[in-house]
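Have a look at the structure below before the remarks.
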Amino acid sequence: MATKTATSAPGHTNGQKREGLLEKFFLDQLKDIYYAEQQMLKALKEMKAASTTEELEDAFENHHMQTEKQIKRLDKVFQILKEKPEGKRCEAMDGLIKEAKTIINETKEGTMTRDAALIIAAQKVEHYEIATYGGLVQLALTLGKHRAAALLDKTLLEEEQTDHNLTYIAEAHINFEAEEEDEKTEKSMESSSASASSSYN
Ligand SMILES: [Fe+2]
């Protein structure tokens, strides 16, 4: 495939290996997800506390423990690459977490609607993580970093599993009960407005 700009060939120069652009980008993305996981670790505590059902609370608790393990796994990847583990601010993750916090503020405490909304917020984060880890695995393989690729792939599989679990929880009953909750609210609003109008007659 033709590239638009090919200014210099990465890789070996005068017999000396230098860090290529792709390798730098790979490291950059690693720092991005390192930051993202750490932010999510904090956010998950708030999301758990805001949950209505025990089921979602447990799911966020498990997710929290898993995220701790994933951060340790990233530490190992940095170690393999002989790089210092450090995060780089990820605006996408900041935005997704901000959205989760808005959801908490905008939905009523103790409702199933709160849980349905929290699940969607958590899944948006999962999808961001899946995209990043998926890309990182491919880049690691391209760069011949097979041990790093294997570790990143392990996390990728966990993120996919978490996403499926959240879908299962939503579909099993939360979304249905959130809709029932809506119907009950509508009915009580109808009956109270009916009794209000009858009292005027
Ligand atoms: Fe994660």
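Structure above, values below:
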item	result
Test: Glu158 is assigned to a helix (DSSP H, G or I), closer than 26 Å to Glu54 by Cα and at pLDDT below 95	no
Which listed residue is buried (at least 20 other Cβ atoms within 10 Å of the Cβ), away from the ligand (no atom under 16 Å from the Cβ) and at pLDDT 95 or above, from Leu118, Leu96	Leu118
The range 125-152 residues that are touching a residue at least 60 places away in the same chain (Cβ under 8 Å), paired with ones that are within 12 Å of the ligand (Cβ to nearest atom) and among the small types (Gly, Ala, Ser) (beta carbon under 9 Å, 6 or more apart)	Val125/Ala36; Val125/Ala43; Tyr128/Ala36; Glu129/Ala36; Thr132/Ala36
Residues that are buried (at least 20 other Cβ atoms within 10 Å of the Cβ) and of a type in the set (S, T, N, Q), drawn from the range 137-161	Thr155
Cross-chain or 6+ apart pairs with Cβ under 7 Å, the range 95-118 first and at positive phi, then in a loop (DSSP other than H, G, I, E, B)	Gly110/Thr52
Output for the range 32-65, where each listed residue is within 16 Å of Glu158 (Cα to Cα), within 12 Å of the chain's Cα centre (by Cα) and surrounded by fewer than 20 Cβ atoms within 10 Å (Cβ to Cβ)	Leu41, His64
Checklist (1) without any contact (Cβ under 8 Å) to a residue 24 or more places away in the chain; (2) among the aromatic types (Phe, Trp, Tyr); (3) within 14 Å of the ligand (Cβ to nearest atom) applied to Tyr168, failing item	(3)
Residue match in the range 77-89 (condition: part of a helix (DSSP H, G or I) and within 15 Å of the chain's Cα centre (by Cα))	no
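The values are calculated or read from the model by the stated rules, or taken from the named source; none is laboratory data. Please read all numbers here as calculations on a predicted model, not as lab measurements. Here Cβ is always computed from backbone atoms with ideal geometry, including for glycine, and neighbour counts include all displayed protein chains.
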